[in-house]
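J.: Provided herewith is a single structure, encoded as structure tokens, for subsequent inquiry.
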Amino acid sequence: MQTATRSAARADQFQTDGFAIVPRLYQDSEVAAMLQCLEAATTNGANFRRSQDLFAIRDLLGEVPALWPLLHTPALRSLLGGLFPGGCHVVKAIYFDKPAGSNWLVPWHQDLMINVDRKATGLPGFGPWTRKPEGVSVQPPVGVLENICTVRIHLDDCDANNGELRVVPASHRGGVVLAAGQPELTPAAVGCPVPAGGAMLMRPLLLHASSRSTSDRPRRVVHLEFSSFELPVELQWRERHFFVN
């Protein structure tokens, strides 16, 4: 009964505030297996970025397919079943390793772009388009973004000292927030500490940011985006790897 009550409260917070924290989605042994899998991955190619302040793998499940069976646990399926009763696909996956003392920060923003397989002109509501070495991205209509749920799986304890996310509750309900309008919203921001093995759920339209690390602890995160939305026939999700039901 307590578990059901907590789940209902979390679902309510997610819908109202645009984010929620699941303190224990994975066990310690499951987190250790994920880290071992990531450490064994190759680090070459356009989807790998390494600097003093960040190591990232884009198209994570395409580059490290062995990670998916470790992520796709009954706990994750149960969580997603409550959000997408008819099932959903992974549409984006990134690994972020923010090492101890990292000077890397992320300013206030919304996640407005999706990864697609090609540029298709003449689609109402789609644009602007960008092309990077890893592929094409586009800003879709708001309805597409409202269907996406991001699940940030934390492989380390994360708090204000090593780069936790800060978010503006309920900012996802205002659609796309122009840069000029963000300063009046950000004073209401809250921090989102998450323990290792926990997850943070968030809507892409939620205003969020993260600070530099002042800790000797790393902050490693698997960032997964899920959607049940079918794009127009002219487009495909570039990272549509796995269906979850």
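Each reported figure results from applying straightforward, stated rules to the coordinates on display, with no laboratory input. Only a predicted model underlies this, so the values are computations on that prediction, with no experimental measurement involved. Because the Cβ atoms are built from the backbone with ideal geometry, glycine has one as well, and the counts that use them run over all protein chains shown.
J.: What is the fewest-to-most order of His241, His154 by other Cβ atoms lying within 10 Å of their Cβ? Intermediate results must be reported in sequence, preceding the final value.
T.: On the way: His241 17, His154 26.
The fewest-first ordering by Cβ neighbours comes to His241, His154.
J.: Two-decimal Rg/Rh of region 1-135 from alpha-carbon positions, Kirkwood Rh?
T.: Working: Rg = 17.8 Å, Rh = 18.0 Å.
Looking at region 1-135, the ratio lands at 0.99.
J.: Expressed as a whole number of Å, what is the distance separating the alpha-carbon centroids of region 85-113 and region 155-219?
T.: 11 Å
J.: So how do His172, His72 line up by other beta-carbon neighbours within 10 Å, fewest first?
T.: Values: His172 24, His72 14.
Listed from fewest to most nearby Cβ atoms, that is His72, His172.
J.: Projected onto the charge dipole of the chain (+1 at Lys/Arg Cβ, -1 at Asp/Glu Cβ, origin at the Cα centre), which of Pro128, Ala75, Gly62 gives the Cα projection farthest towards the positive end?
T.: Of the options given, the answer is Pro128.
J.: Ratio of Rg to Rh for region 134-245, alpha carbon only, Kirkwood? Please report the intermediate quantities before stating the final value.
T.: On the way: Rg = 15.8 Å, Rh = 15.8 Å.
Result for region 134-245 is an Rg/Rh of 1.00.
J.: Suppose each label sits 7 Å from its Cα in the direction of the beta carbon; what would the Asp53-Val106 distance come out to in nanometres?
T.: With each label placed 7 Å out from Cα toward Cβ, I get 1.4 nm.
J.: What percentages make up the Cα-Cα pair-distance distribution of region 131-195 when the bins are 5 Å wide from 0?
T.: Computed distribution, short to long bins: 3, 12, 17, 17, 21, 18, 11, 0.
J.: If the viscosity is 1.002 mPa s and the temperature 20 °C, what translational diffusion coefficient in µm²/s does Stokes-Einstein give for region 175-224 when Rh comes from Kirkwood over Cα pairs?
T.: Working: Rh = 13.5 Å.
D, rounded to a whole number, is 159 µm²/s.
J.: For each of Glu234, Glu39, Glu239, Glu134, count neighbouring Cβ atoms within 10 Å of the residue's Cβ, then give the residues from fewest to most.
T.: Numbers: Glu234 14, Glu39 7, Glu239 25, Glu134 17.
Ranked by crowding around the Cβ, least crowded first: Glu39, Glu234, Glu134, Glu239.
J.: With +1 on each Lys and Arg Cβ and -1 on each Asp and Glu Cβ, how big is the dipole of the chain about its Cα centre, in debye rounded to the nearest 20? Mind showing how you got there, number by number?
T.: Values: 23 positive and 23 negative charges, 49 e Å.
Dipole size: approximately 240 debye.
J.: For a Förster distance of 30 Å, can you work out the FRET efficiency between the beta-carbons of Thr130 and Asn245, rounded to the nearest 0.05? Mind dumping the intermediate values first?
T.: On the way: r = 32 Å, r/R0 = 1.06.
Using R0 = 30 Å, I get an efficiency of 0.40.
J.: Quick one: go through region 107-143 and flag any residue whose amide nitrogen is under 13 Å from the point 7 Å out along the Cα-to-Cβ line of Ala179.
T.: In region 107-143, the label zone of Ala179 (backbone N under 13 Å from the point 7 Å along Cα→Cβ) covers 107-110.
J.: At what distance in nm do the modelled label points of Ala160 and Ala33 sit from each other, each positioned 7 Å from its Cα along Cα→Cβ?
T.: 3.6 nm
J.: Hey, which aspartates and glutamates would be in cross-link range of Lys119, C-alpha to C-alpha under 12 Å, not counting anything within fewer than 8 residues on its own chain?
T.: Of all the aspartates and glutamates, those that pass the test against Lys119 - Cα under 12 Å, at least 8 places apart if same chain - are Glu234.
J.: Can you tell me the dipole magnitude for region 84-145 around its Cα centre, using point charges on the Cβ only (Lys, Arg +1; Asp, Glu -1), in Debye to the nearest 20?
T.: Values: 6 positive and 4 negative charges, 33 e Å.
In debye, rounded to 20, region 84-145 gives about 160.
J.: For Lys92, list the aspartates and glutamates whose Cα falls under 14 Å from its own Cα; do not include residues on the same chain fewer than 8 positions away.
T.: List returned: Asp59, Glu63, Asp111, Asp117, Glu134, Glu225, Glu239.
J.: Here's another thing I want to ask about it. Can you list the chymotrypsin sites (Phe, Trp or Tyr not before Pro) in region 23-120 that are in a DSSP coil and have 14 or fewer other beta carbons within 10 angstrom? Walk me through the intermediate numbers first.
T.: Details: sites: Tyr26, Phe48, Phe55, Tyr95, Phe96, Trp104, Trp108; in loops: Tyr26, Trp104.
The qualifying sites: there are none.
J.: What ranking, highest mean first, results for peptides 157-166, 180-189 when packing means the other Cβ atoms within 10 Å averaged over each residue? Before the final figure, lay out each step's value.
T.: Working: 157-166: 20.0, 180-189: 12.0.
Ranked from most to least packed, the peptides come out as 157-166, 180-189.
J.: For the chain, report the % of Cα-Cα distances exceeding 29 Å.
T.: Values: 7824 of 29890 pairs.
Result: 26 percent of Cα pairs exceed 29 Å.
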